1. Just rank 90, 70, 18, fewest to most, by other beta-carbon atoms within 10 angstrom.
2. Counting only C-alpha contacts under 8 Å and six or more residues apart, can you give the relative contact order of the chain as a whole percent?
3. Where the centroid of each part is defined by its Cα atoms, how far is region 59-91 from region 133-164 in Å?
4. Stokes-Einstein diffusion coefficient for the chain at 25 °C in a medium of 0.890 mPa s, Rh from the Kirkwood formula over Cα pairs: what value in µm²/s?
5. Taking region 90-201, how much of its Cα-Cα pair set, in percent, is spaced more than 22 angstrom apart?
6. Dividing the alpha-carbon radius of gyration of region 1-80 by 2.2 N^0.38 Å (N being the number of residues), what value is obtained?
7. So between residue 200 and residue 83, what do we pick up on full extension, going 0.36 nm a residue minus the alpha carbon distance?
8. Suppose only helical runs count, i.e. DSSP H with n ≥ 4. What mean residue ellipticity at 222 nm does that imply for the chain under -39500 (n - 2.57) per run, divided by all residues and rounded to the nearest 500 deg cm²/dmol?
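What follows is calculated from the coordinates using simple rules that are stated; it is not laboratory data. Predicted model only: the values in this text are computed from it and were never measured. All Cβ positions, glycine included, derive from the backbone under ideal geometry; neighbour counts span all protein chains shown.
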Ligand SMILES: C[S@@+](CC[C@H](N)C(=O)[O-])C[C@H]1O[C@@H](n2cnc3c(N)ncnc32)[C@H](O)[C@@H]1O
């Protein structure tokens, strides 16, 4: 198992039990995302964590597959799906790179609070662009730690990340700005059709292949 998978496995139970930090922003994320999805759509969510978002989106789509690098996160997601009697959501252990393969059949690929944690975003975008059908959507939300709006607490946290990584208390974290993130998505060949920020430091981006 990779260091990244081990890190997230260790944090999965706590992650599952943590309340959503900004409920209003979360609900708006769901609302905007639902507005792009149809009842027959095949959707893939990468870095789905414990499956909460995929399970909330599931009633409005044909099929949703949640994928995550952490087996423990996926175990919790599958348990949640069983507990809720869900029939159109499934969860599988896959790295983001592996999940790009699933994009071939998808009408939309989602990735929330994930890409600042990956060290291969450019390669993921290239693979996604290669695999997605023309017209299919890539919907993401990414904390951008280079933005001035990150706030004092996160500013301090950002400075501590390298130290925390040394002792296994933080994962790899990339510091995007909104401009850099959007530039990479358009450079990969996508057309951006919606951007907004909720909360202020997180960029929500809807892009079309
Ligand atoms: C901050 S959590 C976000 C979970 C969920 N998307 C959400 O918004 O609540 C990041 C998730 O990404 C997963 N992850 C991190 N790196 C990954 C990678 N390279 N491939 C797939 N999943 C990854 C972690 O296991 C974790 O579940």
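1. Values: 90 18, 70 26, 18 10.
Sorted ascending by nearby Cβ count, the order is 18, 90, 70.
2. Details: 367 pairs, mean separation 39.2, N = 209.
RCO, the chain: 19 percent.
3. The two parts, judged by their Cα centres, are 25 Å apart.
4. Details: Rh = 17.3 Å.
It comes out at roughly 142 µm²/s.
5. Working: 2315 of 6216 pairs.
Roughly 37 percent, rounded to a whole number.
6. On the way: Rg = 13.3 Å, N = 80, 2.2 N^0.38 = 11.6 Å.
Its radius of gyration relative to the 2.2 N^0.38 Å reference: 1.14.
7. Working: separation 117, 0.36 × 117 = 42.12 nm, distance 3.42 nm.
Contour length minus Cα-Cα distance gives 38.7 nm.
8. Values: 8 runs with 87 residues, N = 209.
So the helix-based figure for the chain works out to -12500 deg cm²/dmol.
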